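Trainee: Here it is, the structure, as structure tokens.
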Amino acid sequence: MPTLDDVYRFLLTPRWLALHVVVLLVIPAFVLLGQWQFGRFEERSTSSHQITGNLAAAPVAAEELTSPGGTVSTQDKYRTVLTKGTYDAGAQLLVRRRVQDKAVGFYVLTPLVTADGTGVLVNRGWVRAGSTADALPEVPAPSSGEVTVTGRLRPTETEETSGIRDRAGLPAGQVLLINTEAIGRGLPYRLLGGYVDLIEQSPAAAVAPAPVPAPDVGEGGGLNLAYGVQWWLFIGVAIGGWVLLIRREAADLKAAATTPGEPGPGEPGDGEPGDGEPGPDAPSRSAAPSVSSVSPVSPGPPGRSSAPDDSSDEPSSPDDSAESAEPAASSRPGESAVSSPSGESADLRA
């Protein structure tokens, strides 16, 4: 009977040591991935609740949440704001590579100059790109005169926050990022921090770009929560599979050590002929003897010779005929050999 140490000695083989290392590396990796997904869930859930609340909040003046040269805090992102002024059509810009309705186009960015001489960048909406990369899109002109704008406040864009890489050499009047600081360098007035996505304006424009849709709050990081739980379930799967493989290997080794071996090929009991045992096509042991063996002759009736009949198809030789014609000599005194009427010899007592 194998001991416990003998059965589990396979755990120290190179193959199993490699498996141990893989499991020990996978488990902490799954732990970290799960924690990262849970962190994303908390971050997105907080952002989702905050954005939902900001969208539902009552409008306030833009000057209450931002200032010239200032920034828009994360807590005020997507807050509904009001501002009044006149569009500066000469400073209008097109923001490249903006996708809406599954098509690539431009945002139309027009500064709105307020009564106190400061400006705020207003994203009036989206227009489809031209037929070629160099063709300018058709852009509706901004309203003239003083207008009141209602929109969603957005923080300024950077490469880090937007994931868009800025570059130089663009056509005149086009930009890649809505960066208030960079755009404000070319204007004669100061800009409020951030920009505003237009929701509506009064009086309404006769023709206007397509409005920018409201942000998709989504499930608030619900997918991240599911992914985090999934990663941690993988930890249990890895440990359970590891233990199952060990137990199965140990059971196989124990069974091989305690079970007598099965007869191999050529050994008795396997249905194949072995040494000293006839196969299925071999003649039976009880078969008749060969022609060369002589069968015992049963004794005949008294007075008849017990010699077998040696008649054959070949003619007998003269010598054989002579020998057969001679009377058999008596082996006892007083006995004579007398031929029977049929030609057979018989022994008669004197």
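Trainee: Does at least one position in region 70-80 carry a residue that is of a type in the set (A, V, I, L, M, F, W, C) and either in contact with an Asp or Glu (Cβ under 9 Å, 6 or more places away or on another chain) or over 25 Å from Gln230 (Cα atoms) (or both)? Full working, then the answer.
Mentor: Step one: filter region 70-80 for residues of a type in the set (A, V, I, L, M, F, W, C), giving 72.
This time we only want the ones that are either in contact with an Asp or Glu (Cβ under 9 Å, 6 or more places away or on another chain) or over 25 Å from Gln230 (Cα atoms) (or both), so: 72.
For region 70-80, residues of a type in the set (A, V, I, L, M, F, W, C) and either in contact with an Asp or Glu (Cβ under 9 Å, 6 or more places away or on another chain) or over 25 Å from Gln230 (Cα atoms) (or both): present.
Trainee: Separate question: Which numbered condition in (1) closer than 23 Å to Ala58 by Cβ; (2) within 52 Å of the chain's Cα centre (by Cα); (3) open to solvent by less than 30 Å² (accessible area, probe 1.4 Å) is the only one that Thr110 fails?
Mentor: The failed condition is (1).
Trainee: Take the residues of region 52-89 that are part of a helix (DSSP H, G or I) and of a type in the set (A, V, I, L, M): which is surrounded by the fewest Cβ atoms within 10 Å (Cβ to Cβ)?
Mentor: Within region 52-89, the match that is surrounded by the fewest Cβ atoms within 10 Å (Cβ to Cβ) is Ala56.
Trainee: While we're on this one: Return a yes/no flag: does region 36-51 have any residue that is loosely packed, with under 14 Cβ neighbours inside 10 Å, within 24 Å of the chain's Cα centre (by Cα) and within 29 Å of Tyr227 (Cβ to Cβ).
Mentor: Looking through region 36-51, none of the residues is loosely packed, with under 14 Cβ neighbours inside 10 Å, within 24 Å of the chain's Cα centre (by Cα) and within 29 Å of Tyr227 (Cβ to Cβ).
Trainee: Determine whether Arg98 is touching a strand residue (DSSP E or B) at 6+ places or on another chain (Cβ under 7 Å) and either without any contact (Cβ under 8 Å) to a residue 40 or more places away in the chain or not in a strand (DSSP E or B) (or both).
Mentor: Here the answer is yes, as Arg98 does meet what is asked.
Trainee: If you take the residues in region 132-191 that are among the hydroxyl-bearing types (Ser, Thr, Tyr) and within 45 Å of the chain's Cα centre (by Cα), which one is nearest to Leu55 (Cα to Cα)?
Mentor: Selected residue: Thr156.
Trainee: Consider Ala133 against the criteria (1) under 30 Å from Gln75 (Cα atoms); (2) surrounded by fewer than 19 Cβ atoms within 10 Å (Cβ to Cβ): it satisfies all of them except one. Which criterion is unmet?
Mentor: Of (1) under 30 Å from Gln75 (Cα atoms); (2) surrounded by fewer than 19 Cβ atoms within 10 Å (Cβ to Cβ), only one is false for Ala133: (1).
Trainee: Filtering region 113-125 down to residues that are touching a residue at least 60 places away in the same chain (Cβ under 8 Å) and open to solvent by less than 20 Å² (accessible area, probe 1.4 Å), which residue is nearest to the chain's Cα centre (by Cα)?
Mentor: Only one residue tops the list, namely Gly125.
For every residue, the table says whether it meets (1) within 24 Å of Pro28 (Cβ to Cβ); (2) open to solvent by less than 80 Å² (accessible area, probe 1.4 Å); (3) within 34 Å of the chain's Cα centre (by Cα); (4) aliphatic (A, V, I, L, M).
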residue	(1), (2), (3), (4)
Glu200	no, no, no, no
Ala206	no, no, no, yes
Val212	no, yes, no, yes
Val217	no, yes, yes, yes
Leu223	yes, no, yes, yes
Gly228	yes, yes, yes, no
Trp232	yes, no, yes, no
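Trainee: So, one more: Determine whether Val104 is at pLDDT 95 or above and either open to solvent by less than 20 Å² (accessible area, probe 1.4 Å) or of a type in the set (Val, Ile, Thr) (or both).
Mentor: On the way: at pLDDT 95 or above: no; either open to solvent by less than 20 Å² (accessible area, probe 1.4 Å) or of a type in the set (Val, Ile, Thr) (or both): yes.
No.
Trainee: Something else now. Taking interchain pairs and intrachain pairs at least six residues apart, which have beta carbon atoms under 7 angstrom, with the first residue in region 40-55 and within 25 Å of Ile199 (Cα to Cα) and the second loosely packed, with under 14 Cβ neighbours inside 10 Å and of a type in the set (Gly, Ala, Ser)?
Mentor: Once the first residue is within 25 Å of Ile199 (Cα to Cα) and sits in region 40-55, its partners that are loosely packed, with under 14 Cβ neighbours inside 10 Å and of a type in the set (Gly, Ala, Ser) give Ser48/Gly218; Leu55/Ala214.
Trainee: Tell me, which residue of region 126-165 that is hydroxyl-bearing (Ser, Thr, Tyr), part of a loop (DSSP other than H, G, I, E, B) and in contact (Cβ under 8 Å) with a residue 24 or more places away in the chain is nearest to Arg98 (Cα to Cα)?
Mentor: Applying the filter and picking the extreme gives Thr156.
The values are calculated or read from the model by the stated rules, or taken from the named source; none is laboratory data. Quantities reported herein were computed from a predicted structural model and do not represent experimental measurements. Neighbour counts run over all protein chains shown; Cβ positions are idealised from the backbone, glycine included. Protein only, heavy atoms only, side chains kept; ligands, DNA and RNA dropped before computing areas. Shrake-Rupley method; radii C 1.70, N 1.55, O 1.52, S 1.80 Å.
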